[in-house]
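Worksheet for the structure shown next.
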Amino acid sequence: MQWLAKCKRLVLLCLVAGMVGCASIPAGVEPSPHDPWEPFNRSVFEFNEGLDAYFLKPVVAGYRFVLPEFVRDGIYNFFSNYSDIYTALQNLLQGKPDYAFSDLMRVVVNTTFGLGGLIDMATPGGLPKHKEDWGQTFGVWGIPSGPYVVLPFFGPSNVRDTFGTAADMESDYLFRLLPDVALRNSITGLRVVNARNTYYEAGDLLDGAAIDKYSFMRDAYIQRREYQINEGRDDKEPLMPVYENPYE
């Protein structure tokens, strides 16, 4: 199956990044029982940080300089409207038909009255935004998360969500249906830049804080995913949205 092949590619990317060398755990930092591969994960984390600092963030800075805010907002709303269709399917698979119906209504309202999704008319109209993915669906089905893992390019994850990411990519109908490779790659690139733009200043806030950034982002991710899967029933608010996956 193709999605299994994508999982293998993700694993190979982890191995390639890990060959750069395993980073050591800083003195005074307590190991986490959720993170048995911490030295390896830290090396991949450092690889991602370098890629973000020297490539992705400068690209996003140019994106913000060239495009005015209302254009960037329109691009964000367009991809958000697109993802609502995917979220509706995930909510249906998770046994939440009321959420799925709300998501589909968001698509209808934003596509019809929001210029094809460029303007978010649904949220102020009382239809809240949901966001679901295969990793969350697997979690709702009872599949355990497994150890924490950092994926090259994709960032924080775990074993279950790694397979979820591969399933997200495999079921990305817009990406799969576009026959024009150049157009498809351009749209994918725009989605990645749009996703990183959403959290453009988040990394700067962490860099300026006297904390171990790796540990903070790991703990935030674990807590956030637990919160998302449980729909907040454990009364724990997520620390922060640490990464935006363009395939979610």
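So here's what we get for this one:
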{"read-out": "Members of the range 68-100 that are touching a helix residue (DSSP H, G or I) at 6+ places or on another chain (Cβ under 8 Å) and either more than 25 Å from residue 189 (Cα to Cα) or outside any helix (DSSP H, G or I) (or both)", "value": "91, 92, 93, 94, 95, 97, 99, 100"}
{"read-out": "One residue from 41, 77 being touching an Asp or Glu at 6+ places or on another chain (Cβ under 6 Å) and at pLDDT 95 or above", "value": "77"}
{"read-out": "Checking residue 117 against (1) exposed (fewer than 15 other Cβ atoms within 10 Å of the Cβ); (2) touching a residue at least 24 places away in the same chain (Cβ under 8 Å); (3) part of a loop (DSSP other than H, G, I, E, B), the condition it does not meet", "value": "(1)"}
{"read-out": "Verdict on residue 110 being open to solvent by 20 Å² or more (accessible area, probe 1.4 Å) and in a helix (DSSP H, G or I)", "value": "no"}
{"read-out": "Entirely in the range 126-226, the helices (runs of 4 or more DSSP H) that have 3 or more residues that are touching a helix residue (DSSP H, G or I) at 6+ places or on another chain (Cβ under 7 Å) and either surrounded by 15 or more Cβ atoms within 10 Å (Cβ to Cβ) or on the phi > 0 side of the Ramachandran plot (or both)", "value": "134-140, 159-170, 181-198"}
{"read-out": "Residues of the range 45-87 classified as charged (D, E, K, R), closer than 13 Å to residue 200 by Cα and within 18 Å of the chain's Cα centre (by Cα), total", "value": "2"}
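Table: residues versus (1) closer than 24 Å to residue 172 by Cβ; (2) in contact (Cβ under 8 Å) with a residue 60 or more places away in the chain; (3) surrounded by 17 or more Cβ atoms within 10 Å (Cβ to Cβ).
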| position | (1), (2), (3) |
| --- | --- |
| 34 | no, yes, no |
| 41 | no, yes, yes |
| 55 | yes, no, no |
| 69 | no, no, no |
| 83 | yes, yes, yes |
| 88 | yes, no, yes |
| 94 | yes, no, yes |
| 104 | yes, no, yes |
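The values are calculated or read from the model by the stated rules, or taken from the named source; none is laboratory data. Just so it is clear, the structure is predicted and the values come from calculations on it, not from any experiment. Counting neighbours? That spans all protein chains shown, and the Cβs are built from the backbone with ideal geometry, glycine included. We work out accessible area using only protein heavy atoms, side chains counted, and drop any ligands, DNA or RNA first. Shrake-Rupley method; radii C 1.70, N 1.55, O 1.52, S 1.80 Å.
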